[in-house]
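K.L.:
Handing you this structure, nothing more for now.
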Amino acid sequence: MSTEPPPGSGQEPPEDDPFRKQPPPAEGSGSPYDSPYGGQPPPPGGGPYGGEPYGSGSGGGGYPGDPLAGMPPLADSGKRTLARIIDMILVGIVVWLLTWGLNVTEYNVDNDDVSYGRGLGQSVVAAVLYIGYDTFMITKSGQTLGKKWLGMRVANLDNGATPSVQSTLIRSAVLWIPFAFCCACIWTAISGGWSFFDKPYKQGLHDKAAKTVVVRIN
């Protein structure tokens, strides 16, 4: 049995892949982005905004039409934050070494043009490396190093597959372009911290843009 998530081609994962989302019962086929209930009436005893959230317990969803039915439970937002910090440190070291080696660093000088040019160069390097790292790693396996070490992966909300290059690029760009060019840690905290409050899928803003979720794998 395969122990790896499906390849990042954006196609349906293989039938025998353990990471593949199991199809929900036949009735109802609403899109998870049309309604929080996937086109189904609210389940007895509460829905995503009351009672047990999607992805809680031993499996993903718990009623027909739930987009997370058959998927692993959603990842803890605290662990997601820790995984992001690990990735930021790892890539940040590479950014620092590369910008230092290429002499693309910020200097406090009187000439505004020089100061701005240096800062822009460093921002470009940071954006390219962070976006490239996330896109390559997540497209390959659904996991950055931080996510792999903490036992979670990124998945398409609609089918549980590893996101395609296009989806991952959108996800990474939404997260890292504001980080690199203007808002730094403030934007990362807002975008990623959104998952602490989002219902029912615990998505960050970058997840919403790419229609992905982060799930546990162990």
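K.L.:
Express in Å², to the nearest 10, the accessible area of Arg153 obtained by rolling a 1.4 Å probe over the protein heavy atoms while all chains stay in place.
P.N.:
Counting only protein heavy atoms, Arg153 exposes about 0 Å² to solvent.
K.L.:
Determine the gain in length on full extension of the stretch Arg216-Val128; use 0.36 nm per residue of separation and subtract their C-alpha separation, reporting nm with one decimal.
P.N.:
Stretched out fully, the Arg216 to Val128 stretch lengthens by 28.9 nm.
K.L.:
Which lysines does Lys140 reach when only Cα atoms under 25 Å apart count, and residues fewer than 8 places away in its own chain are ignored?
P.N.:
Lys21, Lys79, Lys148, Lys202, Lys208, Lys211
K.L.:
While we're on this one: Ordering Thr212, Thr135, Thr81 from largest to smallest accessible area (1.4 angstrom probe), what's the sequence?
P.N.:
So the residues, ranked largest to smallest area, are Thr81, Thr135, Thr212.
K.L.:
How far, in nm, would the chain grow between Phe197 and Trp149 when pulled straight, counting 0.36 nm per residue and subtracting the alpha carbon separation?
P.N.:
14.9 nm
K.L.:
Which value, in Å² rounded to 10, gives the accessible area of Lys208 with a 1.4 Å probe and all protein chains present?
P.N.:
Roll a 1.4 Å probe over it and Lys208 shows about 80 Å².
K.L.:
Treat each spin label as a single point 7 Å out from the Cα along the C-beta direction, and report the Ile89 to Gln166 distance in nm.
P.N.:
3.7
K.L.:
Sticking with this one: Quick one: which residues, 5+ away or cross-chain, put their amide H under 5 Å from the amide H of Thr212? H built at 1.01 Å from N.
P.N.:
The answer is Leu157.
The values are calculated or read from the model by the stated rules, or taken from the named source; none is laboratory data. Everything quoted here is computed from the prediction, not taken from an experiment. All Cβ positions, glycine included, derive from the backbone under ideal geometry; neighbour counts span all protein chains shown. Quick note on the areas: whole protein, heavy atoms, side chains included, nothing else; ligands and nucleic acids left out. Shrake-Rupley method; radii C 1.70, N 1.55, O 1.52, S 1.80 Å.
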